[in-house]
Amino acid sequence: MARIRTIKPEFWRSPATASASPWARLLYIAMWNWADDYGVAEWTPRELLGFAFPNDEQITTSEFQRLCKEVARSFETDFYIVGGRRYFRIPAWDDHQKTERRANARNPLPEDENSTPDQAITGVEEMRGNSLSTQGKTPAGKGTGEQGKGNRGKGTGEGSQATERLFDDAYSYWPKRVKRDEALSRFVEACKTEDAETLAASIAQFGQAYAATTEKKFTPALGVWLNQKRWTDELPTMPQADRKPTRTDQNLDFVAQLAREEMQTQRGIEA
């Protein structure tokens, strides 16, 4: 549920804001409304995109992901995954918000022992000092459609080698490593229409999510996953029976229990 938030006037003059594009600034402000009383929120691209840009058809899924990367870079926002679910945290939260009556915190923090960076946003390069750190990088704060084009359409020579290095780094995160050559072929084919760096980061991100939530025998082979364009799916999550109940679940159970008791009491009076 969106909430009313405050932002100090100093925000508009800060170097971080100056480094971000207008679209990224708007997304960042929307994230303030989306966050809980601690500056933390669970999110999915579909939900947050629909909330921040409900009437802006030009903001595509890929453009939205680039804006998230820009927010992470310009405003040092934390994007992370816990139990296959995606979260963000706004570090500057307490500098602006004066929440006297906070609800109990229920979202995990980046410091959680089960937390891992959201590689689709932070990029695999932040976890490994390898070739991914040099592929398709863009100067901070540009936030235009030119971001992330570095490896698109390269099929021979140095470009081909760079694409394969990207693939191998991402492939190492996939828990079910079978039929590598087929997966590489699918990756190269997908890179004709998708940004190679973004796709590699999605593979690594989904690989970690599958490893945390899904038995290996039920994890799709990467070649199949790529052929079905499943990087557009939501991240896999733990089965409902294995997921710990949230505070909302507990509150709903309590309300249901009260309703049952009220009904039993009413029946006793009528009898």
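Taking the stated definitions as given, is Thr198 within 20 Å of Arg46 (Cα to Cα), under 20 Å from the mean Cα position of the chain (by Cα) and surrounded by fewer than 19 Cβ atoms within 10 Å (Cβ to Cβ)? No: the conditions fail for Thr198.
Conditions (1) modelled with pLDDT under 90; (2) assigned to a helix (DSSP H, G or I); (3) under 23 Å from Cys68 (Cα atoms), marked per residue:
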position: Glu164; (1), (2), (3): yes, yes, no
position: Asp168; (1), (2), (3): yes, yes, no
position: Tyr173; (1), (2), (3): yes, no, yes
position: Asp181; (1), (2), (3): no, yes, no
position: Leu184; (1), (2), (3): no, yes, no
position: Glu189; (1), (2), (3): no, yes, no
position: Gln205; (1), (2), (3): yes, yes, yes
position: Ala209; (1), (2), (3): yes, yes, yes
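Restrict the check to segment 211-226 and report whether at least one residue is touching an Asp or Glu at 6+ places or on another chain (Cβ under 7 Å), of a type outside the set (Asp, Glu) and surrounded by 15 or more Cβ atoms within 10 Å (Cβ to Cβ). Scanning segment 211-226 turns up at least one residue that is touching an Asp or Glu at 6+ places or on another chain (Cβ under 7 Å), of a type outside the set (Asp, Glu) and surrounded by 15 or more Cβ atoms within 10 Å (Cβ to Cβ). From the list Ile81, Ile59, Ile4, the lone residue that is within 30 Å of Thr214 (Cβ to Cβ) and either of a type outside the set (D, E, K, R) or in contact (Cβ under 8 Å) with a residue 24 or more places away in the chain (or both) is Ile81.
Specify the residue that is modelled with the lowest pLDDT; the eligible residues are those in segment 89-129 that are in contact with a Pro (Cβ under 9 Å, 6 or more places away or on another chain) and assigned to a strand (DSSP E or B). Looking at residues that are in contact with a Pro (Cβ under 9 Å, 6 or more places away or on another chain) and assigned to a strand (DSSP E or B), I get Pro117.
Selection within segment 72-88: residues that are outside any loop (DSSP other than H, G, I, E, B) and over 12 Å from the mean Cα position of the chain (by Cα). The member of this set that is farthest from Ser115 (Cα to Cα) is Ser74. Within segment 13-30, the set of residues being farther than 19 Å from Arg89 by Cα, assigned to a helix (DSSP H, G or I) and touching a Lys or Arg at 6+ places or on another chain (Cβ under 9 Å) comprises Ser19 only.
Across segment 211-242, what is the total count of residues that are within 17 Å of the chain's Cα centre (by Cα), part of a helix (DSSP H, G or I) and more than 18 Å from Ser172 (Cβ to Cβ)? Final tally of qualifying residues: 3. Residues in segment 262-271 include at least one that is of a type in the set (D, E, K, R), farther than 22 Å from Gly83 by Cα and modelled with pLDDT under 70. Residue pairs whose Cβ atoms lie under 7 Å apart, separated by 6 or more positions or on different chains, with the first residue in segment 219-230 and closer than 17 Å to Ala209 by Cα and the second crowded, with 18+ Cβ neighbours inside 10 Å and aromatic (Phe, Trp, Tyr), are Thr219/Tyr210; Leu222/Tyr171; Leu222/Trp174; Leu226/Phe187.
The values are calculated or read from the model by the stated rules, or taken from the named source; none is laboratory data. Note that the coordinates shown come from a computational prediction; the quantities given were computed from them, not determined experimentally. Please note: Cβ atoms are built from the backbone with ideal geometry, for glycine as well, and neighbour counts cover all protein chains shown.
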